[in-house]
1. From A:GLY85, A:GLY81, which residue is more than 9 Å from chain B (Cβ to nearest Cβ), open to solvent by less than 80 Å² (accessible area, probe 1.4 Å) and either within 19 Å of the chain's Cα centre (by Cα) or at pLDDT below 95 (or both)?
2. Answer yes if at least one residue in region B:251-260 is at pLDDT below 95, of a type in the set (S, T, N, Q) and under 21 Å from B:SER6 (Cα atoms), and no otherwise.
3. If you scan region B:21-46, which residues turn out to be within 14 Å of chain A (Cβ to nearest Cβ) and either of a type in the set (Phe, Trp, Tyr) or open to solvent by less than 30 Å² (accessible area, probe 1.4 Å) (or both)?
4. In region B:141-179, which residues are open to solvent by 10 Å² or more (accessible area, probe 1.4 Å) and at the interface with chain A (Cβ under 10 Å from one of its Cβ atoms)?
5. With A:LEU120, A:LEU136 as the choices, which residue is at pLDDT 95 or above and under 22 Å from the mean Cα position of the chain (by Cα)?
6. Hey, any hits in region A:90-111 for a residue that's of a type in the set (Lys, Arg) and at pLDDT below 95?
7. When the residues of region B:205-222 are narrowed to those that are more than 19 Å from the chain's Cα centre (by Cα) and buried (at least 24 other Cβ atoms within 10 Å of the Cβ), which ends up nearest to the other protein chains (Cβ to nearest Cβ)?
8. Determine which single condition B:ALA4 fails, assuming it passes every other condition in (1) within 17 Å of the chain's Cα centre (by Cα); (2) open to solvent by 20 Å² or more (accessible area, probe 1.4 Å).
Amino acid sequence: MSARQAAPGVADAQQQEIAELAARTERLTPLYEAAGRVFAWGFRIGAAILAIGILVAVVKGEPLAHQADRITNVPARVLAGDSAGIIDLAILWFMGVPVVTVIVAAVDFWRLGDRRYALLTLVVLIILGVSIALALNR
Amino acid sequence: MDLAFSLEIGIVAATAAILGSMLGLGGGVFLVPILTLFFGVDPKLAVGASAVAVVTNSIVGTTNHLRSRFTNPRLAMLLQIAAATGAIVGALYGVVADPRVIYGVFGAVLVYAAISMIVRPDRSAMPPSLDVPDRLELGAAFRDPAIGREVGYIPIRTGWGIGVGAGSGIISGMLGVGGGVVMVPTMNVLMGVPLKAAVGTSSFMIGITSVATVFVYYAGGKIDPSLVVPAVIGVFAGGQIGSRLTRRIRAQRLALLFSLILLYLGGSLLLRAFGITLPGQS
């Protein structure tokens, strides 16, 4: 006879706890859906930008660059139709997707009344901000 | 760098991602050693390219985990503070480090991964933790399609998890790997998180950790688009093929063969750290 069979009350308590945890997880549905949308569309748009960059490079016969340009130079190069600029934009776009997801998570935690995790997520965002600031000051 | 070289890098990246995906280690674990040992690529540029590929792979992989509720966003954010901080520290060091240090650390990580693959316990048998205090409200539940019911858990030993997260972040920042090789077993075995939730949460974290890494490498001028573009495309394609192959082939049966490949790559990097290059390598 297993311990669970010997103590049906314990099994019931566990089932109730799992149900409560499932309800808590379900309350985060808006966060799951928003983050999922950011990832899905972020990847599609990033892949499209990358494909355009490669196409422009092939059409113009330009080789792929050996070093990504400064972030501040990228917009002007994209507007000039420069393949290297478009590819740098695709790389930066992909880098931006997780950052936007963190912002979305912070906002949704706050909206759902979970102040503790909204603030923790904000701390993650600040840490990423340090990394981004380093790249901007290159 | 010409089209033929880009194609070669793309094929190597795809192969690395197939191997990594079948072992659940991610593509970077194979990509960086192959690029440095056989193509003579500067290890810092290889790390930068790998980190970008890891981010894009995480974006694709996490979408499914979010849909299945395998990802635990609260746990991810708590551990992420340490992991992202560690990644910045690791990357800042990695950008300026002597390449021999990177070879040595990477070699040690690969040898560890190979040995843990051979001797690892049956993680799926680890029972989820319940009936414990949940002061940080980290408990969650998801529906496991394999058993057709809800699985609930409350992570334990969060202090240890945060500590290991910081270490995983440092390794990720230095070596351009996702860190899942450390975080998944930590969450599963140490913190009592069911394997699917550990993988889903780790996948979410890996993208954010690697972004922290990439921006530092970007700042250091170590992002080479001629490597990044074929690496991203190859790792994406290889990841898709690898996940399909994993369903058809019992990857565990190949674990010994793959672990021998890891041992060879790890041993080669350790030797390279001491200035020794094996025949056939560049």
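1. On the way: A:GLY85 fails: either within 19 Å of the chain's Cα centre (by Cα) or at pLDDT below 95 (or both).
Exactly one residue qualifies, and that residue is A:GLY81.
2. We begin by selecting, within region B:251-260, every residue at pLDDT below 95; these are B:251-260.
Among the residues that remain, those that are also of a type in the set (S, T, N, Q) are: B:252, B:259.
Next cut, under 21 Å from B:SER6 (Cα atoms) only: none.
Scanning region B:251-260 turns up no residue that is at pLDDT below 95, of a type in the set (S, T, N, Q) and under 21 Å from B:SER6 (Cα atoms).
3. Those that are within 14 Å of chain A (Cβ to nearest Cβ) and either of a type in the set (Phe, Trp, Tyr) or open to solvent by less than 30 Å² (accessible area, probe 1.4 Å) (or both): B:VAL41, B:LYS44, B:ALA46.
4. B:ARG143, B:ARG149, B:GLU150, B:VAL151
5. A:LEU120
6. The answer is no; no qualifying residue exists.
7. Among those that are more than 19 Å from the chain's Cα centre (by Cα) and buried (at least 24 other Cβ atoms within 10 Å of the Cβ), it is B:TYR218.
8. Against the list (1) within 17 Å of the chain's Cα centre (by Cα); (2) open to solvent by 20 Å² or more (accessible area, probe 1.4 Å), B:ALA4 comes up short only on (1).
The values are calculated or read from the model by the stated rules, or taken from the named source; none is laboratory data. On a predicted model such as this, the values are computed, not experimentally measured, just so you know. When we count neighbours, we look across all protein chains shown, and the Cβ atoms used for this are built from the backbone with ideal geometry, even at glycine. Side chains included, ligands, DNA and RNA excluded: accessible areas come from the protein's heavy atoms. Shrake-Rupley method; radii C 1.70, N 1.55, O 1.52, S 1.80 Å.
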